[in-house]
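A quick write-up on the structure given underneath.
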Amino acid sequence: MRIGELAQRSGVSERMLRYYEQQGLLQPARTEARYRDYDDSQLLAAIRIRQLNASGLKLNAIRVLLPCVREDDPAVFEDCDEIRAVLTSELQQLEIRLRELTESRDTVASYLAALDLSES
């Protein structure tokens, strides 16, 4: 299938599919005319990349995790080298971001509360 069809079927934009290819996450075959030619395994990979990215994982982590995704369930991983370390690191980074966002939310809420007090 061509990139437009892959984009439509996977829910990933053509631009992102090209970026995933540049990053080594997708490896489409090429036709004699040098067009990208994606098969069903590339469709499945694109969908999984999208799902993993939507969970907050960065592409460096996805690069390690993608080969470890079980065929029958994209939320379950085989026990591959580095997988536990990558997931632990990603979780720690997400927890840091969550703390930072909570602090920002609390600060903005205090600004709003101060405005409400000054209007009284």
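Here Glu103 does not qualify as in a helix (DSSP H, G or I), of a type outside the set (S, T, N, Q) and either touching a helix residue (DSSP H, G or I) at 6+ places or on another chain (Cβ under 7 Å) or at pLDDT below 90 (or both).
Residues in region 10-24 that are surrounded by fewer than 19 Cβ atoms within 10 Å (Cβ to Cβ) and either in contact with a helix residue (DSSP H, G or I) (Cβ under 6 Å, 6 or more places away or on another chain) or small (Gly, Ala, Ser) (or both): Gly11, Ser13, Glu14, Gln23, Gly24.
Got at least one residue in region 63-76 being of a type in the set (Val, Ile, Thr) and more than 14 Å from the chain's Cα centre (by Cα)? Give the derivation first.
Filtering region 63-76 down to residues of a type in the set (Val, Ile, Thr) leaves 64, 69, 76.
Remaining after also requiring more than 14 Å from the chain's Cα centre (by Cα): 76.
Scanning region 63-76, I find at least one residue that is of a type in the set (Val, Ile, Thr) and more than 14 Å from the chain's Cα centre (by Cα), so the answer is yes.
Take Arg34 and tell me if it is assigned to a helix (DSSP H, G or I) and of a type outside the set (A, V, I, L, M). Taking the combined requirement at face value, the residue does not satisfy it. So, Leu91, is that one in a helix (DSSP H, G or I) and among the hydrophobic types (A, V, I, L, M, F, W, C) or not? Yes: the conditions hold for Leu91. In region 6-17, the residues that are within 17 Å of Tyr35 (Cβ to Cβ) form Cβ pairs under 9 Å with partners that are of a type in the set (Asp, Glu), at six or more places apart or across chains, as follows: Leu6/Glu14; Ala7/Glu14. Leu52 fails exactly one of the following numbered conditions: (1) on the phi > 0 side of the Ramachandran plot; (2) part of a helix (DSSP H, G or I). What is the number of that condition? Only one criterion in (1) on the phi > 0 side of the Ramachandran plot; (2) part of a helix (DSSP H, G or I) is unmet by Leu52, namely (1). Only one entry of Ala109, Ala46 meets the criterion of being modelled with pLDDT of 90 or more, touching a Ser or Thr at 6+ places or on another chain (Cβ under 6 Å) and either in a helix (DSSP H, G or I) or aromatic (Phe, Trp, Tyr) (or both), and that entry is Ala46.
Here's the yes/no breakdown for (1) touching a strand residue (DSSP E or B) at 6+ places or on another chain (Cβ under 6 Å); (2) surrounded by fewer than 14 Cβ atoms within 10 Å (Cβ to Cβ):
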position: Ile47; (1), (2): no, no
position: Cys68; (1), (2): yes, no
position: Ala75; (1), (2): no, yes
position: Arg84; (1), (2): no, yes
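If only residues of region 25-45 that are within 15 Å of Arg63 (Cα to Cα) and out of contact with any Phe, Trp or Tyr (no Cβ under 7 Å at 6 or more places or on another chain) are counted, the one that is surrounded by the most Cβ atoms within 10 Å (Cβ to Cβ) is Gln42.
The values are calculated or read from the model by the stated rules, or taken from the named source; none is laboratory data. Bear in mind the structure is a predicted one, so any value in this text is a computation, not a measurement. As a convention, Cβ positions derive from the backbone with ideal geometry for all residues, glycine included, and neighbour counts pool all protein chains shown.
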